[in-house]
């Protein structure tokens, strides 16, 4: 079962089953909270659980108008996952792939799509084989 944690290991999680999809998001919100674009795994909410610690939350209105909740460590500040009220995300956890514990987790998280490609840094090449989308869909 895949596991993950924040930088200081105060919060740990695991999930079971397959990932719904993997995507890189270049929206301004992801750029702000991650320091760049973020690699996200969409996991069914009922397949995800926190195994230790309790994340703090920050509620934010995304530039598209959806309500986004960031779940982060109050000690080291790492955002572990997001939840959102947009229909495609309502029953899911948007997990930040960089928080996975597996050493090669990012190698195994090849994106199927890139969102908000118009906001992607000019030096960032499109991911080969990934759908290139101007928004979430």
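Since every read-out is calculated from the coordinates, none of them should be taken as a lab result. Here the structure is a predicted model, which means the values were calculated and not measured. Note that we place each Cβ from the backbone using ideal geometry, even for glycine, and neighbour counts take in every protein chain shown.
When you scan region 69-77, do you find a residue that is within 22 Å of residue 1 (Cα to Cα), surrounded by 19 or more Cβ atoms within 10 Å (Cβ to Cβ), touching a strand residue (DSSP E or B) at 6+ places or on another chain (Cβ under 8 Å) and without any contact (Cβ under 8 Å) to a residue 24 or more places away in the chain, even just one? Yes, region 69-77 contains at least one residue that is within 22 Å of residue 1 (Cα to Cα), surrounded by 19 or more Cβ atoms within 10 Å (Cβ to Cβ), touching a strand residue (DSSP E or B) at 6+ places or on another chain (Cβ under 8 Å) and without any contact (Cβ under 8 Å) to a residue 24 or more places away in the chain.
Among the residues of region 43-66, those that are touching a helix residue (DSSP H, G or I) at 6+ places or on another chain (Cβ under 9 Å) and closer than 19 Å to residue 99 by Cβ comprise 58, 60. Annotation: residue 9 fulfils all but one of (1) in contact (Cβ under 8 Å) with a residue 12 or more places away in the chain; (2) more than 18 Å from residue 127 (Cβ to Cβ); (3) surrounded by 13 or more Cβ atoms within 10 Å (Cβ to Cβ); the unmet one is (1). Among the candidates 32, 54, the residue that is surrounded by fewer than 20 Cβ atoms within 10 Å (Cβ to Cβ) and either closer than 30 Å to residue 128 by Cβ or free of Cβ contacts under 8 Å to residues at least 24 places away in the same chain (or both) is uniquely 32.
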